[in-house]
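Working notes for the structure below.
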Amino acid sequence: MVEKIITLENVSLVDFLGPDNQNIRQLAAAFPGSKIISRGNEIKIQGQTPVIARINEILSSLIEHYHQFGQITDKTVAQYLSSSDEEQEERQIAMTSPADVIVFGAKGGVIKAKTPNQQRLVDAVMKNDLVFALGPAGTGKTYISVALAVRALKNKEVKKIIISRPVVEAGESLGFLPGDMKEKVDPYLRPIYDALEDMIPAEKLKFYQENKIIEIAPLAYMRGRTLNNAFVLLDEAQNTTPSQLKMFLTRMGPMAKVMVNGDRSQIDLPTKQKSGLMQALDILKDVRGIGFVEMTADDVVRHRLVKEIVVAYDRHDANEQRDQANRPVREARPYRSNTTPAPDPARHPDARPEDDGMTNLPVNREQQL
């Protein structure tokens, strides 16, 4: 008998093996002359060479199916057991054929670019190791970026996903929020969790986070690290300071993909604090190998009113800038000191301040007495 061991990587065993290993037992029942044993994340196959080759093909197809859809059911196993080699190949092509599909969602839905600029963002990430994506709220910057990260992980192009955001207060104070530091920070990272939950089943996402395959953390936690063999996303980068963004960009390892997302119109930094994103765009604009994608109101994919809101605010900001540029400049008033003026050499030495404006005549001291 020949033996082969298959190691399951980046797989939730509960979702893949099924309750009480029912999927593996179903597969073993179809090949009574062989043995299929599951121990931890390893599956051991024993049997004749042709049979092992067939079992290995089915398991490989099931693993690919799992990475696409996040779960294996007894019906899935039955379909692959009953299909021929040609049918399995056709099924694999059908799962991966849509060229514009980024990734399949947790419930089997298709996630892909919906606007030309979103497609430009996808293409830019394919061509460059560092990409800046800018645009107003609702243009899908975060969602598309997370989808690209999940695809890279599923295709084993990277070993982990690291997503970060600067924690900047926008009118509220972190100190007044209940809970420990993690509970205070999690609301700032909620949009990231929402996107991941759309694309990865809950149990698998929990597995990824517990094993540090997916990390979501505030920007301050990136200091001192080298981010290698990872898809790294910095969201809300307009709220970074110049030193913070420089620190983040210099964490980039030799086998990393990095995305930096931001919105020029939603800077929550103190008034006199310069945005690190705005500075970086100016400094890095001529560096080869960096992609820049600008989203507009036409890329908004939320409620139809969001697009109108973005356009209205852009128009308001443009009018304010024009009014400020056309506002006449006031002439400077002469400086008037509040201190006692220096003695006027033309005044009589015995003149009093209250006599200003009167003719300086000699005073007879005897008359004063």
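The values are calculated or read from the model by the stated rules, or taken from the named source; none is laboratory data. Keep in mind that this is a model prediction, so the values were computed, not measured. Neighbour counts run over all protein chains shown; Cβ positions are idealised from the backbone, glycine included. Accessible surface is based on the protein model in full, side chains and every heavy atom, while ligands, DNA and RNA are left aside. Shrake-Rupley method; radii C 1.70, N 1.55, O 1.52, S 1.80 Å.
Some observations on this one:
- Residue that is nearest to the chain's Cα centre (by Cα), among those in segment 108-141 that are of a type in the set (Lys, Arg) and either crowded, with 20+ Cβ neighbours inside 10 Å or under 17 Å from Gly289 (Cα atoms) (or both): Lys141
- Residue in segment 301-311 that is open to solvent by 80 Å² or more (accessible area, probe 1.4 Å), outside any strand (DSSP E or B) and farther than 22 Å from Gly140 by Cα present: no
- Only a single item in (1) modelled with pLDDT of 90 or more; (2) out of contact with any strand residue (DSSP E or B) (no Cβ under 9 Å at 6 or more places or on another chain); (3) among the basic types (Lys, Arg) is not met by Lys272, and it is number (1).
- Yes/no for Thr250 being of a type in the set (S, T, N, Q) and at pLDDT 85 or above: yes
- Enumeration of residues in segment 143-157 that are buried (at least 22 other Cβ atoms within 10 Å of the Cβ) and under 10 Å from the mean Cα position of the chain (by Cα): Ile144, Ser145, Val146, Ala149
- Residue in segment 255-264 that is closer than 17 Å to Lys127 by Cβ, modelled with pLDDT under 95 and among the small types (Gly, Ala, Ser) present: yes
- Taken together, the criteria exclude Gln321 from residues that are surrounded by fewer than 19 Cβ atoms within 10 Å (Cβ to Cβ), in a helix (DSSP H, G or I), free of Cβ contacts under 8 Å to residues at least 40 places away in the same chain and in contact with a Pro (Cβ under 6 Å, 6 or more places away or on another chain).
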